């Protein structure tokens, strides 16, 4: 089992002594003299797929990744950081690796000077340290820098920007690293894959205010941790409960290091719909099919191409199997993913 790695933030004076006023703000992010633009994304989960996840879910991850990189090319950052779990697991097939490589090459054609910096996450780090995962392949691409197991520091923009890359393996090590910004750089960016600590759990201490930007990964929901530390969130609704993110916009972040301004750029993720519980008690397959049809007909915009969850009560295992053969198969042809939650009698899910 992979253990969750956590970090703990604590206050402290900024290394420059200046007040920290950055955060989400509106306005254009055009190039500015004396600044540096960074694009931040994470938790791409390329190669995602498997039983119960729907036939096209793996393609969804590739589609939103391609859309994100097209938008990033328009924004013209000098640096793109990916804060872990770029791939869903260390044994992905050649296809997602090929798509990643092709799209990064396209980005480099559009932005010849861009650097792509990646940290390994918990998902794409091999359990066996002697094994090479997909990041070792993409790390061979021109201008792609990967920290797979240990901390790395890069200098970009002629040394003006120091990028400290902290992969999952480094944070999970018995002796976690001591993280400090480079005092010689104009701007310092920290890229780390870790969850936030709570309570008194052991954690890696990070003085967030010492950094000009902290790009976090592992949380699939976009979250602002402090003025300069953000989770970008995943590009797609993913995991065992994508319906829990139905109201969450998906996309990536860009930050202007000179001003500290952070902007969110959305991508079109799959819509997720969770229906009100359907009472199937006291009816045969035909009756249940009618009730399901009525519930589905009430979904705004229809169900086609969406992630659909239907809680159903009052069905035995045998009746549910019959329903699956006769009714649900037709629904599955229309949706991207279907999950039926069989509720015990007398239990309703809101």
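The values are calculated or read from the model by the stated rules, or taken from the named source; none is laboratory data. Please read all numbers here as calculations on a predicted model, not as lab measurements. With ideal geometry, Cβ positions are generated from the backbone for all residues, glycine too; neighbour counts draw on all protein chains shown.
Of all the criteria given as (1) over 19 Å from residue 238 (Cβ atoms); (2) surrounded by fewer than 15 Cβ atoms within 10 Å (Cβ to Cβ), the one not satisfied by residue 93 is (1). Within region 107-124, the set of residues being part of a loop (DSSP other than H, G, I, E, B) and over 17 Å from residue 170 (Cβ atoms) comprises 111, 112, 113, 114.
You will find that of 113, 133, the residue that is under 21 Å from the mean Cα position of the chain (by Cα), assigned by TED's automatic domain parsing to the domain that holds residue 45 and more than 20 Å from residue 211 (Cβ to Cβ) is 133 and no other. Does residue 225 qualify as being part of a strand (DSSP E or B), over 21 Å from residue 67 (Cβ atoms), touching a residue at least 40 places away in the same chain (Cβ under 8 Å) and in the same structural domain as residue 57 (by TED's automatic domain parsing)? When the stated conditions are applied, residue 225 passes them. If you check residue 304 against the conditions, is it outside the structural domain of residue 56 (by TED's automatic domain parsing), more than 19 Å from residue 247 (Cβ to Cβ) and at pLDDT below 85? No: the conditions fail for residue 304. Checked against (1) over 30 Å from residue 156 (Cα atoms); (2) at pLDDT 95 or above, residue 246 passes all but condition (2).
Against the conditions (1) in a loop (DSSP other than H, G, I, E, B); (2) exposed (fewer than 13 other Cβ atoms within 10 Å of the Cβ); (3) modelled with pLDDT of 90 or more, residue 127 satisfies every one except (3). When each of 140, 197, 173 is tested for being in contact (Cβ under 8 Å) with a residue 24 or more places away in the chain and either touching a strand residue (DSSP E or B) at 6+ places or on another chain (Cβ under 8 Å) or assigned by TED's automatic domain parsing to the domain that holds residue 92 (or both), the lone residue that passes is 197. Of all residues in region 202-244, those satisfying the criterion of being buried (at least 22 other Cβ atoms within 10 Å of the Cβ), over 23 Å from residue 171 (Cα atoms) and in contact with a strand residue (DSSP E or B) (Cβ under 8 Å, 6 or more places away or on another chain) are 235, 236, 237, 242.
Say we look at region 134-152 and pick out the residues that are assigned to a loop (DSSP other than H, G, I, E, B) and within 22 Å of residue 176 (Cα to Cα); which of these is modelled with the highest pLDDT? Ranking the candidates gives 151 first.
For region 107-145, the set of residues classified as touching a helix residue (DSSP H, G or I) at 6+ places or on another chain (Cβ under 7 Å) and closer than 27 Å to residue 34 by Cα consists of 107, 110, 111, 114, 116, 118, 142, 143, 144, listed by residue number. For region 70-82, enumerate the residues that are buried (at least 21 other Cβ atoms within 10 Å of the Cβ) and free of Cβ contacts under 8 Å to residues at least 60 places away in the same chain. Of everything in region 70-82, just one residue is buried (at least 21 other Cβ atoms within 10 Å of the Cβ) and free of Cβ contacts under 8 Å to residues at least 60 places away in the same chain, namely 80.
Filtering region 153-170 to residues that are assigned to a helix (DSSP H, G or I), out of contact with any strand residue (DSSP E or B) (no Cβ under 6 Å at 6 or more places or on another chain) and touching a residue at least 40 places away in the same chain (Cβ under 8 Å) leaves only 169. State all residues of region 235-246 that are touching a residue at least 12 places away in the same chain (Cβ under 8 Å) and part of a loop (DSSP other than H, G, I, E, B); if no residue qualifies, say none. Once the filter is applied, which keeps residues that are touching a residue at least 12 places away in the same chain (Cβ under 8 Å) and part of a loop (DSSP other than H, G, I, E, B), region 235-246 yields 235, 236, 237, 238, 239, 246. When 275, 307, 253, 257 are checked against the criterion of being farther than 30 Å from residue 35 by Cα, within 27 Å of the chain's Cα centre (by Cα) and touching a residue at least 40 places away in the same chain (Cβ under 8 Å), a single residue qualifies: 307.
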